[in-house]
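S.K.: Below you will find the structure I want to go over with you.
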Amino acid sequence: MVSGNPYDLLADRLESISTQIREIEAEARKVLYENNDDAGYKELMRRKAMVLAGLYDEVEPLAESVKNEFKERLERFSLSASQSLEVGSVFFMSALLYPDDYKDGDPNDLELFVTKVRAVSGR
């Protein structure tokens, strides 16, 4: 079902980006743990950070009609990723979206944000 609700449109796009990030992370784990390829892992973490750094610019047209607090959160996702790229820290890049108390299998911060946006949309 296609909706004109700005929250639905934003949540749909964010969900797609979130899936893309999970796929990059899965590939990165495989590259690191199965292939022992540190350089490949670093490149995939860089790709993850690049996707997140561009997040706000990509969804900004969809975010024009949503609450300012949502726009601010989107900007923080992008800012953190940009900072990780500036310092070049693979650890920082890998930790993007994951709080200190994260448990494997839990939703990451972007997935939780999508849930929050969907709740506002009523869907």
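Just so it is clear, none of the values below were taken in a lab; they were calculated from the coordinates. If you're wondering where the values come from, they're calculated on a predicted model, not measured in any experiment. Cβ placement follows ideal geometry from the backbone for every residue including glycine, while neighbour counts extend to all protein chains displayed.
S.K.: Straight-line reach from Lys30: which lysines fall under 24 Å, measuring Cα to Cα and dropping same-chain residues less than 8 apart?
M.R.: Result set, ordered by chain and number: Lys42, Lys48, Lys103.
S.K.: Turning to a different aspect of this structure: Would you mind working out the magnitude of the charge dipole of the range 6-114 relative to its Cα centre, with +1 at each Lys and Arg C-beta and -1 at each Asp and Glu C-beta, to the nearest 20 Debye?
M.R.: 160 debye
S.K.: Highest first, please rank the peptides 24-31, 48-55, 110-117 by the mean number of other Cβ atoms sitting within 10 Å of their residues.
M.R.: Per-residue Cβ counts within 10 Å, averaged per peptide and sorted highest first, yield 48-55, 110-117, 24-31.
S.K.: If you don't mind, there's one more thing I want to ask. Once every DSSP H run of n ≥ 4 in the chain is given -39500 (n - 2.57) and the sum is divided by its residues, what mean residue ellipticity at 222 nm do you get, rounded to the nearest 500 deg cm²/dmol?
M.R.: Result for the chain, helices only: -24500 deg cm²/dmol.
S.K.: Which is farthest toward the positive dipole end of the range 6-114 among Leu9, Tyr33, Leu110, measuring Cα position about the Cα centre, with Cβ charges +1 (Lys, Arg) and -1 (Asp, Glu)?
M.R.: Most positive-ward Cα: Tyr33.
S.K.: Contour minus end-to-end for Gln83 and Arg29, with contour as 0.36 nm per residue of separation and end-to-end as the Cα-Cα distance?
M.R.: Roughly 17.2 nm would be gained on extension.
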